Amino acid sequence: MRWISLLKRVSPALISWFVLLFCAMSFAIVPFNQARHDARIEFGNSDKAEWAAVNAWLQASECMRKTGAWLTVCDGDRLRPVSDFALADDPGFGLLIGIKAYLRDKPMSNVDVVTTQIWTNFLAVLALAALLNAAGARLASLLFLLLGDKVYVQWLDVSPHPIMIAAATFVAILPLTILLRERGHLSKGAHVTFLILGTFLMGFGAMLREPIGTMGFLITAAITLFLFYRSKFKRPRVLLYIALAWIGWHAASGTLAARDAFFPVEAASGIETHGVSHNLYLGLGAVPNKFDISWLDTVAADAVHAVDPDVQYVSPEYYRILWAVYWQRVKEDPLEVIRIYWTKFWMMLDDEFPDGALRLRTSLLIMIAFLVFYRYLPRWVRSDFGQIYPVMLVSVVFIGFFLLQGMIAHPAHMYAHPVTAFILLVFVMLIEIYLRSMCALYGSSSALNRRETPDA
């Protein structure tokens with residue numbers, strides 16, 4: 001029949017994209033829809049969020065709905081930057097809520113905050129699944145899509161933290177694209193497409209969580225420079241990749257500068273992104289310590305005001321003084337600082353990701369052992385499914401950065417929650433390599449049996 005002959009001409013790659021889209025819209029989206037329904041029940045009766053920054057973002061979303069000015073709070077006739085109210089918080093989530101309010105032309109609520117998290121997390125799952133499919137890891141792509149809800153909507157809250165798993169996924173797209181292309185697993189068209197998408201998502205992820213954006217930039221730059229050192233890249237390509245990562249990393253600055261250029265927004269009184277030294281100093285107080293520091297914002301403020309009582313909270317000078325105070329503590333007792341970091345490091349390794357699964361130290365040991373012994377695997381694994389090496393390498397490096405973040409800041413599970421995305425990613429890749437190995441094994445056995453069976 002004609003339709004059968006036409007179907008035979010359709011490439012397997014095109015069929016895989018159709019199957020991926022069908023699964024996304026028919027099955028993968030179902031648990032995210034259910035999470036949205038549950039959020040309406042759980043958060044529908046709350047007027048204000050416990051997290052002060054969320055209340056500021058809701059105010060800013062209403063201002064954007066009325067004036068079109070993003071990341072601002074309407075104070076009478078004045079337009080004030082949202083950072084004056086959401087102190088030292090990343091602007092990405094607030095921008096998302098503002099865009100939603102502007103497009104729908106309705107006030108936002110706590111339910112809208114949570115549903116925005118849900119759909120942003122779904123887009124993150126879809127983006128990474130699409131990259132895996134483009135790289136030829138088609139079974140892993142479908143598994144990641146269908147199992148994504150197990151980690152991406154495992155935790156929902158009216159706060160900026162549950163969306164961090166989406167931020168980590170977004171910033172991983174660019175380094176994965178570069179490494180998969182270098183290993184020959186992406187076509188030229190897919191390479192260009194995901195470079196553009198990865199740059200945009202790098203910026204989006206960095207705006208959602210500045211430290212995660214920094215991880216993405218550093219990993220992308222390190223991969224690019226290493227490949228240049230190995231003579232895999234020529235200099236123009238190196239400059240291009242690092243420039244793309246740099247542009248994405250600085251998306252928040254560009255977004256805020258564009259706002260200030262188009263609207264008469266007052267000057268911000270403090271920094272408009274996350275900052276580093278505040279959490280670095282308070283990180284010394286995440287566990288019991290001899291410095292008598294605790295994980296409270298007021299503790300850092302008191303330390304700064306002991307140096308200069310007139311310094312404004314979260315101003316650039318505030319962060320500069322905190323850097324000095326932090327290094328003063330390090331010089332005062334370096335062994336105590338090492339003990340603090342070592343304690344937090346083991347607290348992180350002893351945690352379970354996802355909840356109830358293997359401890360992080362066990363998962364990391366398995367992944368590192370795989371990378372070390374990769375060259376000793378059967379040749380067909382390295383040639384037929386070489387995608388697993390770059391994916392696992394990038395996953396291990398990201399997990400290492402989250403370990404570092406927990407070690408120098410706070411080891412709480414919620415800050416390291418994005419680790420579960422990379423563990424799921426490695427899991428689905430291992431499932432595909434296992435099934436491919438079984439097919440190869442039994443396929444070889446069947447062929448051998450056919451050869452050895454005498455003719456009747």
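Here are a few things to note about the model shown:
- Cysteines in the chain that lack a partner Cβ within the 4.7 Å cut-off: 23, 439.
- Given +1 at the Cβ of Lys and Arg, -1 at the Cβ of Asp and Glu and no other charges, the dipole of the range 278-336 around its Cα centre is 180 debye to the nearest 20.
- Each Lys or Arg adds one and each Asp or Glu takes one away; over the other residues whose Cβ falls under 14 Å from the Cβ of residue 353, this sums to -1.
- Using alpha-carbon coordinates, inclination of helix 12-23 to the longest axis of the chain, degrees: 50 degrees
- Against the main long axis of the alpha-carbon atoms of the chain, helix 297-307 sits at an angle near 50°.
- DSSP-loop trypsin sites (Lys or Arg not before Pro) across the range 10-104, with at most 12 other Cβ within 10 angstrom: 48
- Sorted on the mean count of surrounding Cβ atoms within 10 Å across their residues, most packed first, peptides 41-47, 264-270 read 264-270, 41-47.
- From most to least packed by mean Cβ count within 10 Å, the peptides 335-345, 216-226, 302-312 give 216-226, 335-345, 302-312.
- Restraint check, 100/188; 48/100; 48/290, Cα-Cα greater than 29 Å: 100/188; 48/290
- Net charge of the neighbourhood of residue 106, taken over other residues with C-beta under 11 Å away and scored Lys/Arg +1, Asp/Glu -1, is 0.
- With a simple spin-label model that places each label point 7 Å from the Cα along the Cα-to-Cβ direction, the separation between residue 240 and residue 123 comes to 2.6 nm.
- Debye log10 I(q)/I(0) at q = 0.18, 0.19, 0.22, 0.24 Å⁻¹ for the range 54-156, Cα point scatterers: -0.81, -0.86, -1.00, -1.11
- Applying D = kT/(6 pi eta Rh) to the range 278-336, where Rh is the Kirkwood radius over alpha-carbon pairs, T corresponds to 37 °C and eta to 0.692 mPa s, the Stokes-Einstein value obtained is 286 µm²/s.
- Summing +1 for each Lys or Arg and -1 for each Asp or Glu among the other residues whose beta-carbon sits under 15 angstrom from that of residue 132 gives +3.
- Take each peptide in 203-209, 367-373, 132-138, 409-415, count the other Cβ atoms within 10 Å of every residue, and average; sorted highest first, the result is 203-209, 132-138, 409-415, 367-373.
Laboratory data are not the source of any read-out in this text; all were calculated from the coordinates shown. None of the values given here were measured: they were computed from a predicted structure. Neighbour counts are summed over all protein chains in view; Cβ atoms, including those assigned to glycine, are modelled from backbone coordinates with ideal geometry.
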